[in-house]
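In what follows, a single structure is set out as structure tokens and then discussed.
The values are calculated or read from the model by the stated rules, or taken from the named source; none is laboratory data. Quick caveat, the model's predicted, so the values are computed rather than measured. Note that we place each Cβ from the backbone using ideal geometry, even for glycine, and neighbour counts take in every protein chain shown. Side chains included, ligands, DNA and RNA excluded: accessible areas come from the protein's heavy atoms. Shrake-Rupley method; radii C 1.70, N 1.55, O 1.52, S 1.80 Å.
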Amino acid sequence: MRPIIGLVLLQAGVSAAIVQQPLSTPSFRDAAEEDEYRFDWPIQRVAVIGAGPSGLVAYRELTEVGLDVRIFERDSVPGGNWHYTEEVPLDAPVPNAPTAISDFVPSLPPASVDLPYSEEFEDSGEIWTVHKAPKPVWESLKSNAPSPLQQFPEWPWPAGTQWELSQYQLRNYVRSYASYLNINSNDENPATAYNTRVERIEKRINEAGQEQGWRLWLKSLKPTGRNTYRATWWTEDFDAVVVATGKYNAPSMPSISGSEEWVRRFPGLVRHSRQYRRPEPYANQTVLIVGASVSGSEISRDVNHQAAKVYQSFRPDTESRLHYRLENYMRRIPQNTTLVGEIKQFLPISEGSPIQSGLVELKNGTILSGIDSVIFATGFRYSFPFLPQCYDGATYVPHEGSAKTVSPFLPLDGSHVRDLYLDMFYIRDPTLAFIGLTLGTQSFSLSEYLTLALAKVWTNTAKLPSSQTMRELYQKTVEERGGYSKHVLFLGQERLPVIRRYLIGWLNAAAVKYGGKQVDGLPKYSEEVGHYWAIAHYGGLLKERMPEEEEAGLVSLGLAPIIGADQGRREYVQTSHDEW
């Protein structure tokens, strides 16, 4: 039986069936002709930032309708997160770096130089590591979705492919798809720019003094020898921009008393989960994993092969908004892992003493000792360093020829992104779009619909509602999802089919009216495959809602819900922001 120290497990066990919940009418609709959005300039040239699965599909859809597309990728190859290397990101700072620069600090050329501009320099490799950003993937990582649901429809897995995929299989699969599109890093396609990071995006001002399109400030970084590199900066102008940089770039470290000192004193021994690569360095150690969600539970399974003892700290999941509940992932934690409650503090360690002499105090008073390594599996924040002007309260000096006024839509805590119609189109200017931000989805399949919507809207073969109507519908969506929080972009099993049906109906109706591509739904077996996978992989169907009896239990413990105007908006008075 699994040892549990100092906590109460609420409603243990596995649900045998999904509880059906009524679905309200989705807060989006077709644009009537008198209420449609009209772009201020024609869209022909489009930038796609990121060559992961969503970025590759965006490139395909946009080029198929005749748009001139450039794809920028900071890494040396396509694949996004599915590019495992032995390289390890730098230690995550404690406290967290400001969200606007928690992925990277933008590097811009000297103000007085003409572009393009190049510099050569020596570096131990740190600048190169930050530039390309090693991914939060470890060597033994397996997919958390079955292969039939994790594929590009036009590039299916070979018949007989097993459902559980290794990161190596996914890496090779995504890169093979890039080759199929002729945009792999070795294809020398002028539409691609690998090793190229977008440092800044600014709204461009035309000769008449009006806003028209976007200017990207770009930096390529290439090795020229042993510890020598060449950096080159330049700009390119576009009519529209797709941000497909993902949501796993900026680590989130919790503010726990004493953790800052431990991180400073013991570099390499107190790490974020994005730095985890393999279990061998933890052989015969006592390891403390902070967090028990997706990464925390899977790393626990992996490190248990080598560690002498594993403690796993987590907080009860008291969030009532829709999300995949913590118990889904905790079912996968090995039985020999010792579950412990929330950490109160990392106690000070006398100067010169090793980490093993340190003590960790839990909120229930329990003391953990003899810790050799700490892994913070505490998640990520949304971070867009190339849009500093779009953060709340930002002070910003634009380059000459760029717009001076902006409307912030990025919160400082990095928990979500605001003002996105269909979770994609920036309402104030739908020539800026984000894909791959939603939670509880598979980007391989959902991107098919979202990127087709981009292609149709930007070529005027599908219409958006007016800005005012998009705003009204967006606000209704936010209210239906329980208000602004880290879960406002969660779709999951309840919302995803509704949105998919809407997109299919809207896009196919537009194809009938304006011509162009139609799109099919997912194969009929998809839902059944997902159910069998959840039972096999997680030990039961995935839960998204807090059961009534569990909510009653929380109330009895003094965690009374605060219920807003709508029943979906609840918070618990002892719940903090992070979920781990």
Straight distance only, please: which aspartates and glutamates reach the Cα of residue 344 with their own Cα at less than 15 Å, same-chain residues fewer than 8 apart left out?
260, 261, 361, 578
Taking every other residue with Cβ under 11 Å from the Cβ of residue 78 and scoring Lys and Arg +1, Asp and Glu -1, one gets -1
May I ask you to give the solvent-accessible area per residue for the chain, in square angstrom, as obtained with a 1.4 angstrom probe?
43 Å²
Got a sec to turn the phi values of region 345-353 into Karplus ³J(HN,Hα) couplings, 6.51 cos²θ - 1.76 cosθ + 1.60 with θ = phi - 60°, whole Hz, x for Gly and Pro?
6, 9, 6, x, 10, 4, 4, x, 7
Heavy atoms of the protein only, probe of 1.4 Å, neighbouring chains included. What is the accessible area of residue 439 in Å², nearest 10?
50 Å²
Please work out how much accessible surface residue 262 shows to a 1.4 Å probe, ignoring ligands, DNA and RNA, in Å² rounded to 10.
0 Å²
Given a 1.4 Å probe and every protein chain left where it sits, what share in percent of the accessible area of region 215-255 is carbon and sulfur?
41 percent
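Under the rule of -39500 (n - 2.57) per DSSP H run of 4 or more residues, summed and divided by the residues of the chain, what mean residue ellipticity at 222 nm is obtained, to the nearest 500 deg cm²/dmol?
That calculation yields -7000 deg cm²/dmol at 222 nm.
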For 399, 305, write out the residues from largest to smallest accessible area, computed with a 1.4 angstrom probe and no ligands counted.
305, 399
So how much accessible area does residue 487 have, in Å² to the nearest 10, using a 1.4 Å probe?
10 Å²
I need the per residue convex hull volume for region 286-428, using only the alpha carbons, in cubic angstrom as a whole number.
195 Å³
Hydropathy first: keep DSSP H helices in the chain averaging at least 0.5 on Kyte-Doolittle, then drop any whose Cα extent along the axis falls short of 18 Å, and list what survives.
443-458
Under 5 Å, built H, 5+ apart or other chain: amide partners of residue 342
314, 363
For percent of Cα pairs over 34 Å apart the list reads (1) 51; (2) 57; (3) 42; the calculated value is entry (3)
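Once neighbouring chains are kept in place and the probe is 1.4 Å, which whole percent of the accessible area of region 121-168 is contributed by carbon and sulfur? Display every interim value, and only then the final one.
Details: 1220 of 2230 Å².
Exposed carbon and sulfur together represent 55 percent of the surface.
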Computing the accessible area with a 1.4 Å probe over protein heavy atoms, can you report the carbon and sulfur percentage for region 263-407?
48 percent
Going Cα to Cα from residue 456, which lysines come in below 21 Å? Please leave out same-chain ones fewer than 8 positions away.
513, 517
Counting only DSSP beta bridges with both partners in the chain, the antiparallel fraction in percent, to the nearest 5, comes to 55 percent
